[in-house]
Amino acid sequence: MQSPPFDDRDGFIWYNGAMLPWRDAKLHVLSHGLHYASCVFEGERVYNGRIFKLHEHSERLHRSAELLGFKVPYSVEEIDRISKEVVAKNTVENGYVRPVAWRGSEMMAISAQQTKIHVAIAAWSWPSYFSKEAKERGLRLQISKWQRPAPNTAPTASKAAGLYMICTVSKHAAEQAGFDDAMMLDYRGLIAEATGANIFLVMNGELHTPTPDCFLNGITRLTVIDLAKKRGIKVVERHIKPEELAKAQEVFLTGSAAEVTPVGSIDNYTFTVGAVTKQLMQDYSDLVRKA
């Protein structure tokens, strides 16, 4: 059954200080954030009515805005409080939260010094990002032709809307070719991440993951690293060449939406949904539901 479009749902969205009926949360077509990508956002999971790592996400929203040269007009603590109110107002037990901040329509040009900063927070019930079947067999990934930009060409440490354009293009191309998602290389041709999740390789019992020097150092990524270390699993953060996929026994993705999801293949490289991946999937599931 197809889910309803996101502009035509029951519920409430907090928008610039007011809790509005869902369908009334609108912006003008000449908003700067739409035309010039001056927009940052977060994605957070709700488990048993509670938002996992809420404060860390709210802090990152502020940092992302600062990297784009504007200030979120609500404190981290206010964003925390409002996010909880939105979840409660929409009676979301298990789902997703989307805070977003963007430049408004007071100016329409590259320069937008006088624009108002708008903030909205929505929450909705949402199942697993990938299907149960895909998670059981492991995702099929295609290596994208698009690469993550160098950190001196874009604010790569921010969760900024513009950085996801090539992710959408890459994921669409992968899906059209029969894959579940795409893996992106960075500007040097090294392994970076999937379109919306970080990546880990299990190599002879060790966990290897790319150094996040030109893509987002995910909150779920850091959580899983901590879980692995508590299990006594050695974690190696380094630059990883794509040909090293041949040495990996297991591969998995991490992200607020993806959670911990195994990968069965990347192009012609194949992997097992093995013991390390299954253990960290279970550890993560246990953690988020008791947080």
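The values are calculated or read from the model by the stated rules, or taken from the named source; none is laboratory data. Everything numeric here is computed off the predicted structure, so don't read it as measured data. Please note: Cβ atoms are built from the backbone with ideal geometry, for glycine as well, and neighbour counts cover all protein chains shown. Only protein heavy atoms, including side chains, enter the accessible area calculation; ligands, DNA and RNA are left aside. Shrake-Rupley method; radii C 1.70, N 1.55, O 1.52, S 1.80 Å.
Report whether or not Leu190 is open to solvent by less than 50 Å² (accessible area, probe 1.4 Å) and either closer than 14 Å to Thr211 by Cα or among the β-branched types (Val, Ile, Thr) (or both). Judged against the criteria, Leu190 is a match.
Only one of the numbered conditions (1) open to solvent by 60 Å² or more (accessible area, probe 1.4 Å); (2) at pLDDT 95 or above; (3) not aliphatic (A, V, I, L, M) is violated by Glu106, and that is (2).
Of the residues making up segment 126-145, none is touching a residue at least 24 places away in the same chain (Cβ under 8 Å), of a type in the set (D, E, K, R) and open to solvent by less than 30 Å² (accessible area, probe 1.4 Å).
Please tell me if Gly205 is on the phi > 0 side of the Ramachandran plot and in contact (Cβ under 8 Å) with a residue 40 or more places away in the chain.
yes
With respect to the conditions (1) more than 25 Å from Phe6 (Cβ to Cβ); (2) touching a Leu at 6+ places or on another chain (Cβ under 9 Å); (3) open to solvent by 70 Å² or more (accessible area, probe 1.4 Å); (4) of a type in the set (D, E, K, R), Arg148 falls short on a single one, namely (3).
Of the residues making up segment 238-291, not one is open to solvent by 70 Å² or more (accessible area, probe 1.4 Å), under 23 Å from Pro127 (Cβ atoms) and in a loop (DSSP other than H, G, I, E, B). Looking at segment 204-232, which of its residues are under 14 Å from Arg60 (Cβ atoms), open to solvent by 20 Å² or more (accessible area, probe 1.4 Å) and in a helix (DSSP H, G or I)? Once the filter is applied, which keeps residues that are under 14 Å from Arg60 (Cβ atoms), open to solvent by 20 Å² or more (accessible area, probe 1.4 Å) and in a helix (DSSP H, G or I), segment 204-232 yields Ile219, Leu222. Summed over segment 21-71, the residues that are of a type in the set (Val, Ile, Thr) and either surrounded by fewer than 16 Cβ atoms within 10 Å (Cβ to Cβ) or closer than 19 Å to Gly104 by Cα (or both) give a count of 2.
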